[in-house]
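Take a look at the structure set out below.
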Amino acid sequence: MVTASEEYSFTSFSNLPFYTKVNERLLDLAEVGKQRNIVDLGCGTGGITKLIIERLQSAKDTVIYAVDHSTTALKAAADEIGDRKDVAINYVHSEAQNLTGAVKEKVDAIVYCNSIHYVPDKTDLVAQIKDKLLPNGIFAFNTSFFEGSHPEDSHEFFRKWMMRSLRILKREHGLSADKSAKVESRVQLKAQDYIELVENAGFKVLVNDFNRVEVPHEGWHHISGFSDWIEGVMPGVPLDKGREALQKGLAQIWEEMELKTIPRIWLSVSAAKA
Ligand SMILES: C[S@@+](CC[C@H](N)C(=O)[O-])C[C@H]1O[C@@H](n2cnc3c(N)ncnc32)[C@H](O)[C@@H]1O
């Protein structure tokens, strides 16, 4: 049986080939695989955890801490990854902001994919990340939620998609989004703010990379079924109604505009503890 929160999980989006490519790129930049102890922060349903496992050079000596505040996501990650005799995986139920208490050991790398934008007090979080790393440890994160992540040539699509979806929501369900209930991921930092955040914590930025990614229809379709996305673009709207309106609106606009892909910019940062 699929539970309500599994139904609105990140899994179907996370398994799309374009998304795997984006995160493989981050793991490349951070040279993930050489390290022994790795934290996958905001691991979700384990998409990145699996990529980390695949590139471990010596899985038998490696410990992965997969941290998320959603028990449903952690359970889905454990089910997806299954029993592994060769690598120790600790599923840690915690807010990222409580990293210090949640992971006792110091680690060689902390990977944080598409989740940093959720946390309001990023300064404290990045300080905890630095404390948790061994000397020369690597902190690598990426996000597609920052000011500038929507390229100019995607604006028309977004405007039309949102307008059409809101109209469908109103017409078919008599509902409107509550714009006053804006969530943290909608309050976006500039890329430069992210760099300064990391530098001010005492990290040396190794790579600071913008990657324009062509997101196919399936990407927008599946993200429309992810609870955090629905709550972000249609605050206060019941998930089932929000998903339905967004997916219907998407299908119509995609066809009308004869689209193949819509671009999005990912910021990837890899930094070393001095
Ligand atoms: C967009 S998903 C990304 C999941 C995974 N990193 C990936 O890329 O496949 C964001 C994840 O961050 C988790 N998350 C959001 N805020 C969090 C917080 N404050 N502490 C821990 N996890 C959080 C959510 O539960 C969700 O699983």
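Read the figures in this text as sums done on the coordinates, not as results from a lab. Predicted model, so just to flag it, every value in this text is computed and none were measured. Because the Cβ atoms are built from the backbone with ideal geometry, glycine has one as well, and the counts that use them run over all protein chains shown.
Side notes on the structure shown:
- For the chain, the share of DSSP beta bridges that are antiparallel, to the nearest 5, is 45%.
- Cα long-axis angle, helix 191-200 against the chain (0 to 90 degrees, to the nearest 10): 20
- The ratio of the alpha-carbon radius of gyration of the chain to the globular-protein estimate 2.2 N^0.38 Å is 1.01.
- When each of 132/204; 170/241; 34/104; 104/204; 60/204; 106/130 is checked by Cα-Cα distance, pairs over 19 Å: 34/104; 104/204; 60/204
- Residues of the range 38-71 with an amide N closer than 16 Å to a point placed 7 Å from the Cα of residue 85 along the Cα-to-Cβ direction: 59-61.
- Mean projection area, nm², convex hull over Cα of the range 35-190: 11.8
- In a DSSP loop and with at most 15 other Cβ atoms within 10 Å, the trypsin sites (Lys or Arg not before Pro) in the range 41-134 are 55, 84, 85, 104, 106.
- Amide H partners (placed H, <5 Å) of residue 89, local residues excluded: 64
- Per-residue Karplus couplings for the range 156-165, computed as 6.51 cos²θ - 1.76 cosθ + 1.60 with θ equal to phi - 60°, are listed in order as 5, 4, 4, 4, 5, 4, 5, 4, 5, 5 Hz, Gly and Pro entered as x.
- Rounded to 10°, Cα long-axis angle of helix 71-81 versus longest principal axis of the chain: 70
- Over the range 12-125, the Kirkwood radius and the radius of gyration, each from Cα atoms, give a ratio Rg/Rh of 0.93.
- Hz values of 3J(HN,Hα) by residue in the range 227-242 - Karplus curve (6.51, -1.76, 1.60), Gly and Pro given as x: 3, 5, 5, 4, 5, x, 8, 10, x, x, 8, x, 4, 5, 6, x
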